[in-house]
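Asks: Before we start, here is the structure in question, set down as structure tokens.
A short reminder: the numbers here are calculations on the coordinates, not readings from a lab. Just so we're clear, the structure is a prediction, and the values are computed from it rather than from any experiment. Please note: Cβ atoms are built from the backbone with ideal geometry, for glycine as well, and neighbour counts cover all protein chains shown.
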Amino acid sequence: MDLTGKIIAVLPANSGVSQRTGNAWMSQEYVIEVPGQYPRKCMFRIFGEDRIKQFNIQMGEDVTVSFDIDAHEYNGRWFNEIRAYNVTRGVVPAPAGAPAGADAPVAAPFPPQPSAAPQDATSPFPPAQEPVGEGSADDLPF
């Protein structure tokens with residue numbers, strides 16, 4: 001998944017030593033705000049000192065974050081984890097179906113579908129069907 005927005009919080013880095021392998025580890029969490037009529041916020045984590053230094057995320061930057069979402073259980077409770085694997089600065093993704101360049105061909109997102117019988121464009125309901133067979137026009141049981 002990808003989110004594009006502004007970094008509004010850079011939280012302190014966490015580090016330690018793995019009890020299982022004995023290797024040192026480091027992670028840091030950030031909060032991104034996605035603009036819109038109702039802005040959304042999402043906290044994500046970058047794991048690994050090399051990636052933290054590579055991305056060098058600063059407060060107030062406009063970024064696009066690519067991340068994976070996973071959940072894990074601890075003591076009978078479930079927790080979501082959002083881990084970023086790529087950060088791109090100042091890139092706003094193009095809307096679906098928009099051309100990448102001025103001379104790029106535009107492909108339709110879905111193949112054309114055969115249309116059914118034409119309906120009145122102002123009617124929100126399909127046309128009424130006449131009853132078939134014997135009986136009255138009202139075949140309701142109540």
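Asks: For the pair residue 6/residue 71, report the inter-label distance in nm, with labels modelled 7 Å from Cα in the Cβ direction.
Replies: Modelled inter-label distance: 3.3 nm.
Asks: Still on this structure, I have one more. Length gain on complete extension for the stretch residue 58 to residue 42, per 0.36 nm per residue less the alpha carbon to alpha carbon distance?
Replies: Roughly 4.2 nm would be gained on extension.
Asks: Kindly give the semi-axes, whole Å and largest first, of the ellipsoid equivalent to the range 2-89, taking each as the square root of 5 times a Cα gyration tensor eigenvalue.
Replies: So the equivalent ellipsoid measures 24, 17, 10 Å along its semi-axes.
Asks: Which ³J(HN,Hα) values in Hz, rounded to whole numbers, follow from the phi angles of the range 14-30 under the Karplus curve 6.51 cos²θ - 1.76 cosθ + 1.60, where θ = phi - 60° and Gly and Pro get x?
Replies: 10, 8, x, 10, 5, 6, 6, 9, x, 8, 6, 9, 8, 9, 9, 10, 9
Asks: Something else: Suppose a student asked you for the relative contact order of the range 2-89, using Cα pairs under 8 Å spaced at least 6 residues apart; what percent would you report?
Replies: Rounded, it is 29 percent for the range 2-89.
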